[in-house]
Amino acid sequence: MKSYRKELHFMIPSRRGIVNITEQVRRAIRESGIREGLVLVNPMHITASVFINDDESGLHHDYEVWLERLAPEKPYDQYRHNGYEDNADAHLKRTIMGREAVVAVTEGDLDFGTWEQIFYFEFDGKRDKRVLVKIIGE
Amino acid sequence: MKSYRKELHFMIPSRRGIVNITEQVRRAIRESGIREGLVLVNPMHITASVFINDDESGLHHDYEVWLERLAPEKPYDQYRHNGYEDNADAHLKRTIMGREAVVAVTEGDLDFGTWEQIFYFEFDGKRDKRVLVKIIGE
Amino acid sequence: MKSYRKELHFMIPSRRGIVNITEQVRRAIRESGIREGLVLVNPMHITASVFINDDESGLHHDYEVWLERLAPEKPYDQYRHNGYEDNADAHLKRTIMGREAVVAVTEGDLDFGTWEQIFYFEFDGKRDKRVLVKIIGE
């Protein structure tokens with residue numbers, strides 16, 4: 001069994017934002033030399049998500065509006081976590097979107113359907129963040 | 001390390017529907033000959049989920065009502081994604097239910113508790129859909 | 001490829017409760033002797049979650065309030081699942097929080113960012129429950 005580890009780095013200039021990281025994950029798989037296995041992709045932070053869905057700007061706007069309805073950012077004092085912080089909503093939004101994606105690696109590439117794309121979703125930006133890509137297989 | 005890949009096919013005749021796929025995943029594990037490892041099960045589409053819960057029709061009804069409350073199908077024009085499409089709610093419902101299930105394979109079978117069952121949840125049916133089963137281990 | 005399996009046991013004295021299980025998962029990784037791979041952690045039950053977030057009591061309180069808003073426990077008869085049971089809300093809350101966590105194992109330890117911790121979240125306690133830790137790698 002082989003394994004490969006890579007960190008991706010992001011600095012989103014706003015509080016929230018979505019980045020398509022599919023090609024960066026693909027590149028990590030090629031670098032690994034692994035042909036058959038699994039790839040795990042997760043933020044190394046607790047106020048961000050890695051998720052798989054459509055690369056369509058209307059949908060990304062709908063996510064923003066919908067998450068803000070399910071877990072509003074303000075008023076900040078509605079959350080007990082917001083004593084020294086103001087990012088409780090970021091923890092909740094990341095919970096809805098999920099932490100990690102696990103994807104099959106087949107013939108040296110992401111084993112994806114036509115529309116599947118991998119995204120990094122930042123909920124508490126304006127700082128450096130890391131995403132871990134871990135590949136195991138053969 | 002061995003790996004095994006199989007696609008399951010579904011055509012749900014309504015917009016939404018739940019199918020118990022536990023036995024189909026079990027069969028794939030037997031076919032793989034893998035005794036110890038992990039199995040990943042995910043739709044190859046972005047408007048469907050694979051999830052693990054109870055095989056109880058009352059609960060499945062509750063899911064339908066609850067998801068419709070959290071991410072209503074209509075009015076269609078509440079979502080920016082619904083320009084040429086009408087399935088924005090399907091993307092959001094799939095987000096709540098999650099994309100994939102990762103399950104331990106132990107002694108050649110799903111390593112499950114008493115009530116765990118795997119389901120395919122369709123949110124935009126009336127068309128052919130695929131579920132990927134990828135098993136790695138030994 | 002090596003694999004290792006361990007069950008953790010919990011008996012939460014109240015209906016709901018959160019337990020930090022990070023050190024127990026770490027111990028299982030050390031016992032496994034696996035240096036590079038993946039660890040899967042999941043409840044063997046359908047009314048509990050394993051999730052990764054911050055070990056901060058204010059946030060855990062916020063989760064309780066927020067989940068109760070998204071999937072209220074009462075009135076019990078709002079859910080069709082609650083014929084002989086009263087735990088439909090537990091199935092829904094577990095769906096929001098997710099079932100499982102998959103984490104990279106690197107150099108014989110959890111490959112975590114600074115604030116990542118693993119928790120067991122019970123939604124239907126006062127009974128014995130099990131969490132499965134499955135590690136594969138080399």
| Exposed chymotrypsin sites (Phe, Trp or Tyr not before Pro) absent: longest stretch of chain C, with sites in DSSP loops and at most 15 other Cβ within 10 Å deemed exposed | C:1-83
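Taking other Cβ within 10 Å of each residue's Cβ, how do A:Val25, C:Val39, A:Val19 sort, fewest first?
On the way: A:Val25 22, C:Val39 25, A:Val19 14.
Exposure proxy ranking, most exposed first: A:Val19, A:Val25, C:Val39.
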| query | How would you classify the protein assembly as shown from its alpha-carbon gyration tensor, with a ≥ b ≥ c the square roots of the eigenvalues: rounded for a/c under 1.5, else prolate if a/b is greater than b/c, otherwise oblate? | reply | rounded
| task | Kindly give the distances from B:Arg130 to its copy-mates, label point to label point, with each label point 7 Å from Cα along Cα→Cβ, as nm values to one decimal ordered shortest first. | result | 3.6, 3.6
| Put +1 on the Cβ of every Lys and Arg and -1 on every Asp and Glu Cβ in the protein assembly as shown; which of A:Gly33, A:Val131, B:Phe112 then has its Cα farthest towards the positive end of the dipole? | A:Gly33
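Based on other C-beta atoms within 10 Å, arrange B:Lys129, A:Lys74, A:Lys134 from fewest to most. Please report the intermediate quantities before stating the final value.
Working: B:Lys129 19, A:Lys74 11, A:Lys134 26.
With the fewest neighbours first, B:Lys129, A:Lys74, A:Lys134 line up as A:Lys74, B:Lys129, A:Lys134.
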| remark: For chain A, the longest principal axis of the Cα atoms and the Cα long axis of helix A:22-32 enclose an angle in degrees, to the nearest 10, of 40
| Taking the alpha-carbon centroid of each part, what is the distance from region B:95-124 to region C:17-48 in angstrom? | 18
| query | With each run of n ≥ 4 DSSP H residues scored as -39500 (n - 2.57), what mean residue ellipticity at 222 nm is computed for chain B after dividing by its residue count and rounding to the nearest 500 deg cm²/dmol? | reply | -8000 deg cm²/dmol
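Counting only C-alpha contacts under 8 Å and six or more residues apart, can you give the relative contact order of chain A as a whole percent?
Numbers: 280 pairs, mean separation 76.4, N = 138.
For chain A, the relative contact order is 55 percent.
Which whole number gives the average, over all residues in A:124-134, of C-beta atoms from other chains lying within 10 Å of the residue C-beta?
2
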| said: Just checking the output field for C:63-71: average partner chain Cβ neighbours within 10 Å of each residue's Cβ? | reply: 4
| note | If labels are modelled 7 Å from Cα along the Cβ direction, A:Asp77 lies from its partners in the other copies at nm distances, smallest first, of 4.0, 4.0
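Would you mind checking A:Lys6/A:Lys126; A:Lys93/B:Lys129; B:Lys134/C:Lys2; A:Lys134/C:Lys6; A:Lys74/A:Lys134; A:Lys2/B:Lys134 for any pair whose Cα atoms are more than 27 angstrom apart? All intermediate terms of the calculation are to be shown ahead of the outcome.
Working: A:Lys6/A:Lys126 22 Å; A:Lys93/B:Lys129 29 Å; B:Lys134/C:Lys2 18 Å; A:Lys134/C:Lys6 22 Å; A:Lys74/A:Lys134 35 Å; A:Lys2/B:Lys134 17 Å.
Exceeds cut-off: A:Lys93/B:Lys129; A:Lys74/A:Lys134.
Rounded to the nearest 0.05, what FRET efficiency do C:Arg69 and B:Arg127 give with R0 = 35 Å and r taken as the Cβ-Cβ distance? Could you check?
Details: r = 35 Å, r/R0 = 1.00.
It comes to 0.50.
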| query | Does anyone have the angle between helix A:57-70 and the longest principal axis of chain A? Alpha-carbon axes, 0 to 90°, nearest 10? | reply | 50
| task | Round to the nearest 10 and give me the degree value, 0 to 90, for the angle of helix A:88-97's Cα axis relative to the longest principal axis of chain A. | result | 40
| task | Would you calculate the separation in nanometres between label points at A:Tyr84 and B:Glu138, each defined as 7 Å from the Cα along the Cα-to-beta-carbon direction? | result | 4.6
| Radius of gyration and Dmax over the Cα atoms of region B:13-83, both given in Å | 16.4, 50
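Values quoted throughout were computed directly from the atomic coordinates according to the rules given, and no laboratory measurement underlies them. Fair warning: this is a prediction, and the values are worked out from it, not measured in the lab. Methodologically, a virtual Cβ is constructed for each residue, glycine included, from the backbone with ideal geometry; neighbour enumeration extends over all protein chains shown.
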